[in-house]
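Below is one structure, written out as structure tokens; comments come after it.
The values are calculated or read from the model by the stated rules, or taken from the named source; none is laboratory data. Treat the numbers as computed from the prediction; the structure is a model and nothing was measured. Note that each Cβ is placed from the backbone with ideal geometry, even for glycine, and that neighbours are counted across all protein chains shown.
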Amino acid sequence: MKCIGRYIVIGIAAMSLAGCAEGSSPELEVYNGLEKVVAQEKQFADQQKPLADLEQQENAIYDQIIELGIKDKKKIKNKAQKAQQLLDERESKLQKEEKSISASQKQFEATEPKIQKLEDGKAKEEALELSSLMKKRYKAYQSLHDAYLHSIELDRQLYKLFEKDNVKLENLETQIASINATYKEVEKKKEAFNTLTADYNKAKEDFYNKTKLKVKNSEDK
């Protein structure tokens, strides 16, 4: 059996000012920069459900192929080709996701110099902590992205095997074992990324609490 996880990863939380903030301050500049980082990741967040849906569709096709066995090679080839189209769609969405994260990282790097201007010691300490977490998060994302991209390539190789007329069962089993091992690695990297994202969200909230800015989670009413 081929295992496949749902590729839902969490994004950074947006926060809004509870009141109007006039003028400029180091705290306000950092706040504006961090919330621009959130905006850059919108496309990243938008890819999550479609990616999971595509995974589910592809997994359903895989199950159908296995159910067919060797009874109808023409149907198997057609389904294998459809599965590869879904893999292409997943890869396309993954590219959009990576582009969004890259834009987020550039925005975050542009915000970092503003952190050094913070005068409040406790606020600056919190800001440096969230900076450290975000750098780890970007690194974790790249590791997750590479593993997921590799899993797509292994899936593609599997469906090409299904298209062959005289594929050996042994070859299929070996390929499926490789895919399952890769998806386990993807799941581990996804959990690591999600943990760092949650930690970053908490650190950002702690930083805002240390400033004079009054902010609220954008999801709060």
Exercise. Out of the residues in the range 173-205 that are over 19 Å from the mean Cα position of the chain (by Cα) and polar (S, T, N, Q), state the one that is farthest from His150 (Cα to Cα).
Key: Thr174
Practice problem: Output the residues belonging to the range 47-103 that are of a type in the set (S, T, N, Q) and in contact (Cβ under 8 Å) with a residue 12 or more places away in the chain. | Solution: Gln47, Gln48, Gln56, Gln57, Asn59, Gln64, Gln81, Gln84, Ser100
Practice problem: Look at the range 158-173 and say how many of its residues are assigned to a helix (DSSP H, G or I) and exposed (fewer than 12 other Cβ atoms within 10 Å of the Cβ). | Solution: 3
Quiz prompt | Residues that are modelled with pLDDT under 95, among the basic types (Lys, Arg) and surrounded by fewer than 18 Cβ atoms within 10 Å (Cβ to Cβ), drawn from the range 96-153 | solution = Lys117, Lys122
Exercise. Considering (1) closer than 20 Å to Ile76 by Cβ; (2) in contact with a His (Cβ under 8 Å, 6 or more places away or on another chain), say which one Arg156 fails and leave the rest.
Key: (2)
Quiz item: Across the range 48-72, what is the number of residues that are closer than 15 Å to Leu172 by Cα and either in contact with an Asp or Glu (Cβ under 9 Å, 6 or more places away or on another chain) or crowded, with 17+ Cβ neighbours inside 10 Å (or both)?
Solution: 2
